[in-house]
Amino acid sequence: MINKIKNKVTPVVMIGPATFWLILFLLIPLFLVIGISFLQRNGYGGVDMVFSLQAYFDMLTPEYLKIFIASFRLSVATTVICLLIGYPFAYVIAHSSEKAKPFLVLLLMLPFWINSMIRIYGWNTLLRSSGIINNVLISLGVVDVPLEMLYTDGAVLLGMVYDLLPFTVLPIYTSIEKLDPTLLEAASDLGATKLHRLVRVVLPLTMPGIFAGSIQTFIPSLGLFYISDMMGGAKTMYVGNLIKNQFMSARNWPMGAALAILLIVITLVLMRLYTKVGSLDDMV
Amino acid sequence: MSNVKDVIVKLTDVEKEFDGVKVVKKLNLEVRKGEFLTLLGPSGCGKTTTLRMIAGFSNVTSGEIELEGRNVADLKPNERDVNTVFQSYALFPHMNVEDNIAFGLVEKKVPKAEIKERVAEMIKLVQLEGLEKRRPAQMSGGQKQRVAIARALINRPKVLLLDEPLGALDLKLRKQMQLELKHLQQKLGITFIYVTHDQEEALTMSDRIAVMNDGVMEQIGTPDEVYNRPKTKFVAGFVGESNILESYVTQVDEDLLHISLESGKALLHAPGFKNEEMIYICVRPENLLLSETKKEHFSIRGRIVEHVFAGSVIKTVVELINGQKLRVARHPNEEEFEVGTYVYVYWHPKKAIIVHTVEEQIYNVIEGTTNRIYEQLGEKYSPSAREDSHDQ
Ligand SMILES: Nc1ncnc2c1ncn2[C@@H]1O[C@H](COP(=O)(O)OP(=O)(O)O)[C@@H](O)[C@H]1O
Ligand SMILES: [Mg+2]
């Protein structure tokens, strides 16, 4: 009897705090954002309690579409570069000796322990006109005037790739690790060179990892704003910056909220795709 | 023995060490062109390791492997004219049956039309018609096995290596596949090196069997030789059922040895032995005979303990006076002995085999412990200990 009550009570006690936490800090803000997106802005940086779809209509104007396209291109470029660098990276880690492996994985995780904004600031000190790289180049006589490296689109891309690479590598690494080594032996046995083995066996079988890595890179890349702020000097506007600006400087809360919802919807769609492909994993 | 030209795979003093432990020891083996050779031995005796060295997945620690007279030390697996059927099948899960089978031909850049033709032919050969588009995940163990065999055979390798290919199949399917594989091998004339721990399978399929124990090849020969003339106690015990008896020679009468066992006296035919030698003999269950009356030269007496029905024969267990149990295979129409009755056990003198002499045993023990003894001696004879060890 007591056990029965215990069985009923325990789960509630156990999840209670977490549920409370989620409601307080996730659900309520989310509903606030949804609500605000359907209100009318007033001239003083606040909102009037009047229903309006204005924010959503505004998103369809050319200026905003341009920003979406720029964001999308940056995210795609980031994801592609992360894949190109990340796959060989993951492959090397997965095929390193049992002793070296934990150490290499640790190196990969290490950046997570330092605030990402601080790390990006590190890049800032490297790349700026009076930064370390320019100083070295000038003192070596390679260049006369400092190179314009910071505050370019290239710098933003560099920052994004740097920041998100671990998210690409980890799922790929996991899928390569999971690969049955006898399949590789079978491929060699049947005459495949190392390259062919990679193309015909390893790549197709690690597709789920590639897909997961792409999505885990693409989703956060859409919303990151501080990288383009700190490394791009906010020259090119991306969705992330846009949302931040709507709330902080332009004071158009409904617009900021509507844009945030757009990002959430895109993320949900991609997550759905991701879980679908995740189940493909079992088939392979 | 065999013509040098006939040898297709030759292993010379091959050894393999993992972390300082030898798992294959001084292996010398000549595989002849077109034969079905089986590596037989208990799990962990080094069969897979041997096969992997031939395939090129694993390097030899020392020794040489030759394929068609050519040392293959520097050849990678994809450069060796051998193919492997893996125990786990190792089919490519993202490819259907056709693509799996075609894998090797695509690597060889065989024209598309020819690939199609040969794949179809192979699918017919292994009776997989209608399953061309199936993925491995959608097939039974037996079907996957056929795909694995077809995928290896389509490359027309000089040698096909098979690592317990039927291990995962149920008994009935395994028996059927044994025959099919054997017929396939005869039909194609490809050399098979087949690994199994199942002695019955080895006896059924092989032209020759190499029996391995703990990294050492103890005997190689035809199934008949290995079964009827096992050279060591291990082979006698591992291949087929056997009753092994310890005895010593009491009298030599030309080629006939009068021997004495703990449980009585017996006679056996074996040339070249001396009086008072200790020997182990092996008698197969089907060669043991039971009688109510004492036979000349035999005085082994035992009690019937039980009868075990085993299909075409009845296995009768006889307990000797020293507690050793012998298994006797008898036909159902032979004279029936009731459980509990006392009988005499005897055999035809030529049907008992000497598998182990005591000299051999001592030699093996010495060989096995020599290193350890030397190590211990080394410690003892170190400068500080030298004085006292001299006294011993
Ligand atoms: N890669 C390896 N590393 C260390 N030991 C191994 C390795 N492969 C096999 N062994 C050891 O070598 C011995 C022989 O193994 P194996 O050739 O697989 O035996 P079998 O195929 O006859 O069952 C076993 O004791 C096994 O544990
Ligand atoms: Mg094995």
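Here are a few things to note about the model shown:
- Distance violations [Cα-Cα > 24 Å] among B:LYS26/B:LYS175; A:LYS178/B:LYS116; B:LYS325/B:LYS351; B:LYS158/B:LYS187; B:LYS76/B:LYS112; B:LYS294/B:LYS351: B:LYS26/B:LYS175; A:LYS178/B:LYS116; B:LYS76/B:LYS112
- Estimated from the Cβ-Cβ distance and a Förster radius of 56 angstrom, the FRET efficiency linking A:ILE28 and A:ILE133 is about 0.75.
- Taking amide H as placed 1.01 Å from N in the peptide plane, the amide H of B:GLU35 sits under 5 Å from that of B:PHE192, each at least 5 places away or on another chain.
- Contact surface A-B: accessible area buried, both sides summed, square angstrom, 1.4 angstrom probe: 1900
- Over all pairs of different C-alpha atoms in region A:125-195, the reciprocal of the mean inverse distance, the Kirkwood hydrodynamic radius, equals 16.1 Å.
- Here region B:1-78 and region A:131-191 have alpha carbon centers that stand 44 Å from each other.
- Among B:VAL14, B:GLY44, B:LEU171 the positive-end extreme of the charge dipole of region B:4-232 (Cβ point charges): B:LEU171
- Contact order relative to length of chain B, as percent, for alpha carbon pairs under 8 angstrom and 6 or more apart: 14
- Peptide packing: for A:181-191, B:225-235, A:133-143, the average count of neighbouring Cβ atoms within 10 Å per residue gives the ranking A:181-191, B:225-235, A:133-143, highest mean first.
- Region A:16-88 and region A:210-254 have their alpha-carbon centroids 10 Å apart.
- Computed [θ] at 222 nm, deg cm²/dmol, chain B (DSSP H ≥ 4; -39,500 (n - 2.57); rounded to nearest 500): -9000 deg cm²/dmol
- Rounded to whole Hz, the Karplus (6.51, -1.76, 1.60) HN-Hα couplings of region A:195-203, x for glycine and proline: 5, 5, 4, 4, 6, 8, 10, 5, 4
- Volume per residue for region B:211-261 equals 100 cubic angstrom (convex hull of Cα atoms).
- Placed amide H near B:PHE86: partners under 5 Å, 5+ positions off or other chain: none
- Stokes-Einstein D in µm²/s, Kirkwood radius over Cα pairs - the protein assembly as shown at 4 °C with 1.567 mPa s viscosity: 40
- With θ taken as phi - 60° and the Karplus curve 6.51 cos²θ - 1.76 cosθ + 1.60 applied, the whole-hertz 3J(HN,Hα) list for region B:296-313 is 4, 6, 10, 9, 7, 10, x, 10, 5, 9, 6, 10, 10, 6, 9, x, 6, 10 Hz, x standing for glycine and proline.
- Entry comment: accessible area of the protein assembly as shown is 54 Å² per residue, from protein heavy atoms only and a probe of 1.4 Å.
- C-alpha center-to-center spacing [region B:162-194, region B:319-355] in angstrom: 35
- Amide H contacts for B:GLU17 (H built 1.01 Å from N in the peptide plane; partners 5 or more residues away or on another chain; cut-off under 5 Å): B:VAL23, B:THR61.
- For the protein assembly as shown, share of DSSP beta bridges that run antiparallel, in % to the nearest 5: 80
- Rounded to whole Hz, the Karplus (6.51, -1.76, 1.60) HN-Hα couplings of region B:63-77, x for glycine and proline: x, 9, 10, 10, 10, 6, x, 10, 5, 9, 3, 8, 8, 6, x
- Kyte-Doolittle at least 0.5, axis length at least 15 Å by Cα - qualifying DSSP helices, chain A: A:2-22, A:62-94, A:116-127, A:153-178, A:207-223, A:253-283
- Across chain B, the convex hull enclosing all Cα atoms gives 205 Å³ per residue.
- Carbon plus sulfur fraction of accessible area for chain B, probe 1.4 Å, in percent: 49
The values are calculated or read from the model by the stated rules, or taken from the named source; none is laboratory data. Computed from a prediction, not measured in an experiment: that's the story for all the values here. Positions of Cβ are generated from backbone atoms using ideal geometry, with glycine treated the same way; all protein chains shown enter the neighbour counts. Surface areas here come from the heavy atoms of the whole protein model, side chains and all, with no ligands, DNA or RNA. Shrake-Rupley method; radii C 1.70, N 1.55, O 1.52, S 1.80 Å.
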